[in-house]
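Participant: Pasting a structure here, questions to come.
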Amino acid sequence: MLKIKWFILMLLLSGFFLARAGTKLPGDSITVTRVWDKENHNAFPDLVRFKGYFYITFREGANHVGNENNGKVRIVRSKNRKDWESVALFDMDAEDVREARLSERPDGTLMAIVAAGIFKDGKYLTLAPYVSFSDASGTTFSQPEKTTFGSDITPTLDWIWRVTWHKGTGYGIMYTADYKTVEGKRVRTMYAQLLSTNDGKHYEKVPGINIDGSPNESTIRFDKNDKMYILVRRETDDKMGMLAVSDFPYKTWTYHKMNVRLGGPNFQFLGKDQLIIGSRLHEENTAFTALHVTDLKGKILKTIKLPSNGDSSYPGLILDKKELWVAYYSSHEGKAIVYLAQVPVSRLSTKN
């Protein structure tokens with residue numbers, strides 16, 4: 001039965017849409033459709049729902065990263081999740097504009113936070129966070145503008161990777177790259193700061209968090225008791241992902257190290273005592289986009305691989321009662337393409 005389901009899924013990815021011919025898929029099947037494949041490299045998506053639309057944002061570029069500095073960020077939306085219209089394109093001359101993350105502000109508008117900078121020969125020469133805001137309908141977005149910071153933050157090579165709003169305040173992890181020459185080799189290390197914002201543009205530091213291993217891409221979520229969970233990618237030491245947990249006012253932390261590396265990490269709460277984590281999954285010499293069902297300390301209970309391989313991951317997640325929607329990218333069809341997967345919640349159960 002598993003082989004049959006996998007075969008059906010591969011047909012869907014290849015463009016043989018069986019549903020058009022009247023074929024019914026099993027009720028617990030994962031279905032995947034293409035969202036965007038127009039550029040050489042379409043990648044790093046995020047996904048939100050706003051005023052009846054699904055919004056997906058992603059980067060268009062020549063490759064994953066390079067000296068071209070021609071990356072652009074596009075935002076598309078759809079009501080039926082089949083026909084996508086473009087509502088924004090962020091393009092900065094001679095700078096690489098990288099993966100936007102979307103959130104709804106307390107005033108009922110969408111916010112896109114991106115990073116833009118100049119990349120040359122394996123190193124960023126400049127890098128800074130920018131924000132754009134939608135109108136009330138989500139039809140148009142403002143030109144991105146640089147974020148501002150409190151007096152205890154000195155901008156250098158910085159990236160606020162995602163902002164999550166909770167009770168009127170936005171929170172995000174900003175990571176900073178530091179390049180040093182050690183024994184004739186250029187070495188990059190990173191450190192992370194927790195920031196808060198009331199408007200999405202100006203940020204203040206929330207002291208207390210301390211994560212080693214060059215922390216960078218991070219997603220923040222809150223449970224029903226206002227407890228903050230931060231899922232963190234780490235690039236040095238053992239490179240294992242980290243789950244940091246704190247009660248308000250978010251100054252004293254408990255750290256749970258995972259047993260997998262993360263890439264483009266995102267998560268949602270799955271019931272009262274589980275998480276559904278989307279991330280890159282490294283295996284031997286390749287990688288996949290995977291969904292991990294874990295407990296509240298990040299212990300993996302179940303893993304589901306989505307159709308993917310190689311340059312892949314960065315899932316955006318929307319969890320309904322019956323469906324998990326996953327926007328991700330993968331290069332298994334020859335180049336990096338943005339996909340949307342529909343995963344029945346029944347597939348996430350750890351009881352089968």
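Participant: Which pairs have Cβ atoms under 6 Å, sit 6 or more apart or on different chains, and link a residue in segment 53-73 that is small (Gly, Ala, Ser) to one that is assigned to a strand (DSSP E or B)?
Facilitator: Hits for this filter: Gly61/His41; Gly71/Arg59; Gly71/Gly61; Gly71/Asp96; Gly71/Val97; Gly71/Arg98.
Participant: Right, another one. In this structure, does Lys335 turn out to be in contact (Cβ under 8 Å) with a residue 24 or more places away in the chain and over 14 Å from Ser29 (Cβ atoms)?
Facilitator: Judged against the criteria, Lys335 is a match.
Participant: Here is a follow-up. For segment 138-156, enumerate the residues that are touching a Lys or Arg at 6+ places or on another chain (Cβ under 7 Å) and either touching a residue at least 60 places away in the same chain (Cβ under 8 Å) or β-branched (Val, Ile, Thr) (or both).
Facilitator: Selection gives Gly138, Thr147, Thr148, Ile153.
Participant: Can you find, within segment 220-246, the residue that is modelled with the lowest pLDDT among those that are among the β-branched types (Val, Ile, Thr) and open to solvent by 10 Å² or more (accessible area, probe 1.4 Å)?
Facilitator: Going through the qualifying residues, I end up with Thr236.
Participant: Within the bounds of segment 96-105, is there any residue that is open to solvent by 10 Å² or more (accessible area, probe 1.4 Å) and acidic (Asp, Glu)?
Facilitator: Yes, the conditions are met somewhere in segment 96-105.
Participant: If you scan segment 191-205, which residues turn out to be open to solvent by less than 20 Å² (accessible area, probe 1.4 Å) and touching a Leu at 6+ places or on another chain (Cβ under 9 Å)?
Facilitator: Selection gives Tyr203 alone.
Participant: Something else about it: Where residues in segment 121-152 are of a type in the set (S, T, N, Q) and open to solvent by less than 20 Å² (accessible area, probe 1.4 Å), which of them is farthest from His64 (Cα to Cα)?
Facilitator: Ser134
Participant: If we keep just the residues of segment 38-63 that are outside any strand (DSSP E or B) and out of contact with any Asp or Glu (no Cβ under 6 Å at 6 or more places or on another chain), which is farthest from Ala116 (Cα to Cα)?
Facilitator: If we take residues in segment 38-63 being outside any strand (DSSP E or B) and out of contact with any Asp or Glu (no Cβ under 6 Å at 6 or more places or on another chain), then Gly52 is farthest from Ala116 (Cα to Cα).
Participant: Could you check segment 180-198 and list, in sequence order, the residues that are free of Cβ contacts under 8 Å to residues at least 24 places away in the same chain and assigned to a strand (DSSP E or B)?
Facilitator: Lys180, Thr181, Val182, Lys185, Val187, listed by residue number.
Participant: Still on this structure, please answer the following. Could you tell me how many of the residues in segment 145-176 are over 19 Å from the mean Cα position of the chain (by Cα) and within 15 Å of Ala115 (Cβ to Cβ)?
Facilitator: Residues meeting the conditions: 7.
Participant: Testing Gly27 on (1) within 20 Å of Trp161 (Cα to Cα); (2) surrounded by fewer than 17 Cβ atoms within 10 Å (Cβ to Cβ); (3) modelled with pLDDT under 95; (4) not basic (Lys, Arg), one condition comes back false. Which one is that?
Facilitator: Unmet for Gly27, out of (1) within 20 Å of Trp161 (Cα to Cα); (2) surrounded by fewer than 17 Cβ atoms within 10 Å (Cβ to Cβ); (3) modelled with pLDDT under 95; (4) not basic (Lys, Arg): (1).
Participant: Those residues that are open to solvent by 20 Å² or more (accessible area, probe 1.4 Å) and of a type in the set (A, V, I, L, M), I need them from segment 285-313; list them, please.
Facilitator: Selection gives Leu296, Ile300, Leu301.
Participant: Using the structure shown, decide if Leu296 is over 24 Å from Lys38 (Cα atoms) and either more than 16 Å from the chain's Cα centre (by Cα) or not small (Gly, Ala, Ser) (or both).
Facilitator: Considered against the rule, which asks whether it is over 24 Å from Lys38 (Cα atoms) and either more than 16 Å from the chain's Cα centre (by Cα) or not small (Gly, Ala, Ser) (or both), Leu296 comes out as yes.
Participant: For segment 247-284, name all the residues that are over 24 Å from Tyr329 (Cβ atoms), touching a Ser or Thr at 6+ places or on another chain (Cβ under 9 Å) and open to solvent by less than 60 Å² (accessible area, probe 1.4 Å).
Facilitator: Tyr250, Trp253, Gln274
Participant: Could you list all residues from segment 53-73 that are over 18 Å from Met111 (Cβ atoms) and either surrounded by fewer than 16 Cβ atoms within 10 Å (Cβ to Cβ) or polar (S, T, N, Q) (or both)?
Facilitator: Ala62, Asn63, His64, Asn67, Glu68, Asn69, Asn70
Participant: Looking at this structure, is Leu324 of a type outside the set (S, T, N, Q) and either over 17 Å from the mean Cα position of the chain (by Cα) or closer than 18 Å to Leu243 by Cβ (or both)?
Facilitator: So Leu324 does not fit the description; no.
The values are calculated or read from the model by the stated rules, or taken from the named source; none is laboratory data. Source: prediction; values computed, not measured. With ideal geometry, Cβ positions are generated from the backbone for all residues, glycine too; neighbour counts draw on all protein chains shown. Areas reflect the complete protein model, heavy atoms only, side chains present, ligands, DNA and RNA absent. Shrake-Rupley method; radii C 1.70, N 1.55, O 1.52, S 1.80 Å.
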